[in-house]
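The values are calculated or read from the model by the stated rules, or taken from the named source; none is laboratory data. These figures come from a predicted structure and were not determined experimentally. Note that we place each Cβ from the backbone using ideal geometry, even for glycine, and neighbour counts take in every protein chain shown. When the accessible area is computed, the model is the full protein with side chains, heavy atoms only, and any ligands, DNA or RNA have been set aside. Shrake-Rupley method; radii C 1.70, N 1.55, O 1.52, S 1.80 Å.
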Amino acid sequence: EEMQGELEESSSDPSEVYILLDASGSMYGKVQGIQKMSIAKKAASRFASTVGHENEVSLVVYGHTGSNKEQDKPLSCSTIEEVYSLQKFNPNTFSEAVNGVQARGWTPLASAIEFVHKKSENSSNNVTLYIISDGIETCDGDPVATANAFADKHTNGSVNIIGFDVDAESENQL
């Protein structure tokens with residue numbers, strides 16, 4: 001019973017949950033005949049509806065601009081966007097935000113983590129990141145170092161990965 005009291009206490013701490021959605025070109029691929037992006041969007045929505053009642057939730061997308069061609073790399077690698085700003089979960093607004101995302105370009109995973117790090121650096125709340133991705137950084141960033149810097153700053157938060165259809169190299173990095 002003592003444990004339960006502690007759990008209730010810790011869950012009442014104000015929390016911010018950032019969902020980082022990989023919309024790079026590889027997410028256009030399919031798993032068992034279903035487009036990965038479609039699976040990821042469902043996962044993001046389901047997840048947001050679960051955590052968004054207790055916490056404020058945000059949806060940040062990356063890799064959704066340009067294409068995965070070399071000439072689009074600078075645009076794709078530099079565009080990270082909060083498409084659902086930090087707030088309580090609203091099913092309609094969140095659904096519009098997530099459904100508007102198309103899988104297109106490169107994978108600036110480190111920059112996406114850095115984006116949330118900057119947005120949340122003055123927050124005294126628990127800040128948790130959930131990264132939904134199928135792969136590896138392709139924009140020359142260092143997601144491991146960036147995630148470590150984030151975790152050092154937000155000692156009461158965490159970085160979580162929802163990875164799917166990843167190969168060994170990607171799995172190690174994630």
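The angle between the Cα long axis of helix 109-120 and the main principal axis of the chain comes to about 40°, on a 0 to 90 degree scale. Close lysine pairs were tallied over the chain: pairs 8 or more places apart or on different chains with Cα atoms under 21 Å apart number 10.
Which residues make up the longest stretch of the chain clear of GluC sites (Glu not before Pro) that lie in a DSSP loop with no more than 15 other Cβ atoms within 10 Å, not counting the sites? Could you put the intermediate results ahead of the total?
On the way: sites that count: Glu1, Glu54, Glu121.
Segment 55-120 is the longest.
Shown in residue order for the range 54-62 are the 3J(HN,Hα) couplings computed by the Karplus curve 6.51 cos²θ - 1.76 cosθ + 1.60 at θ = phi - 60°: 8, 10, 7, 10, 9, 10, 10, 10, 9 Hz (x for Gly and Pro).
When the Cα gyration tensor is reduced to axis lengths a ≥ b ≥ c, the ratio a/c is 1.5 or higher for the range 93-142, and with a/b not above b/c it is classed as oblate. The share of alpha-carbon pairs in the chain lying farther apart than 24 Å comes to 35%.
Kindly provide the helix-only [θ] at 222 nm of the chain, computed as the sum of -39,500 (n - 2.57) over DSSP H runs of four or more divided by all residues, to the nearest 500 deg cm²/dmol? Let's see the in-between values first.
Details: 7 runs with 70 residues, N = 174.
Mean residue ellipticity, 222 nm, calculated: -12000 deg cm²/dmol.
Inverting the mean 1/r over all pairs of different Cα atoms, compute the Kirkwood radius of the range 97-174 and quote it in Å. Roughly 13.3 Å, rounded to one decimal.
Pairs of alpha-carbon atoms within less than 8 angstrom and 6+ residues apart define the contacts here; what relative contact order does the range 1-151 have, in percent? It would help to have the intermediate numbers written out before the result.
Working: 290 pairs, mean separation 47.4, N = 151.
It comes to 31 percent, rounded to a whole number.
Provide the per residue accessible area, probe 1.4 Å, for the chain, rounded to a whole number of square angstrom. Display every interim value, and only then the final one.
Numbers: 9090 Å² over 174 residues.
Roughly 52 Å² per residue, with all protein chains present.
Evaluated at q = 0.18, 0.19, 0.29 Å⁻¹, the base-10 log of the normalised Debye intensity for the range 21-76, with identical point scatterers placed on the Cα atoms, takes the values -0.70, -0.74, -1.08.
P(r) for the range 55-146, from all Cα pairs and a bin width of 10 Å, is 16, 46, 32, 6, 0 %, short bins first.
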